[in-house]
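In what follows, a single structure is set out as C-alpha cells and then discussed.
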Amino acid sequence: MDSFEGFILAGGSSSRMGTDKSKLVLDGQTFVERIKNALSAIASNVRIVGSRENSAGSPLATVPDVFEAWGALGGVHAALSACGADWAAVVACDLPFVSGDLFARLATLREGFDAVAPVQEDGWPQPLCALYKVMPCRPMAEKLIHSGERKPITLLQSVRTRWVSFAELADVEGASRFFANLNTPDDFLRAQQKGVSMRTEG
C-alpha cells in the first residue's frame, strides 16, 4: 500500500491579502488547520513548507525551501525532498475548502501514474492541490528548476499525470468550493459571509 505525507505551501508573501493567509480564521479554524484536517484523511504526517515566520504559532513542523525564493515549483520540490513516504499530497494554504473526501477520491486514481491533479470546473488545472509520487517527481522538479522553470504545471506536464476532470469530483460533498482561491480581503469576506449563510441554513 502506498504511503502519503501532506504538505501545506505557506511560503508566499500574501501581498494581495495584506496579512499572512495561513493564519486567517474561517469557522473557528485557521486555513492551515482546515487543510491539515483534510490532508489527514490520507496522510500520516502533515508539515508546512515555508519559513518559520510563515508557520509561527502552528504546531506543525516546518520544511524549508531547498531552492530559496523559487515560487510554487520550489515549494513542491521542497515537499518532495522532505517526503519520507511514496507520495506527497501538496496543497496551497489559500485553499481552505479542500476536504478529506477530495483527497481520498484523488488517491483512488493514482494507480499507474506519477501524479494526480484535479481540473477546476472552468478547465483550469490545480497543481497546488495535487498528489505527487516522490519518484520520479522529485528529480524531475529539480531538473526543471535547474533549467530555470518556476511553474509547477510544467512538472505535471513532464510526468505521467492523471488529470481529474471536475465531473469526476462533482459528486463529492463541497466540490463547488474546493478550488475557491482566497487571495484578497474581498475573497475572504465573501467566504466568511457564505460560511455564515451556510450555518444559518443548516
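Every number in this text was worked out from the coordinates using simple rules, so none of it is lab data. Keep in mind the model is a prediction, meaning the values are calculated, not measured. Reconstructed Cβ throughout: ideal geometry from the backbone, glycine too, with neighbour counts over all protein chains shown.
Distance between the pseudo-spin-label points of Ala104 and Glu142 (7 Å out from Cα toward the beta carbon): 3.6 nm. Using R0 = 41 Å, the C-beta based FRET efficiency linking Met135 and Val172 works out to 0.90. Simple rule: put +1 on each Lys or Arg Cβ and -1 on each Asp or Glu Cβ in the stretch 78-172, find the dipole, and look at Pro139, Ala104, Val172; the Cα lying farthest toward the positive end is Pro139.
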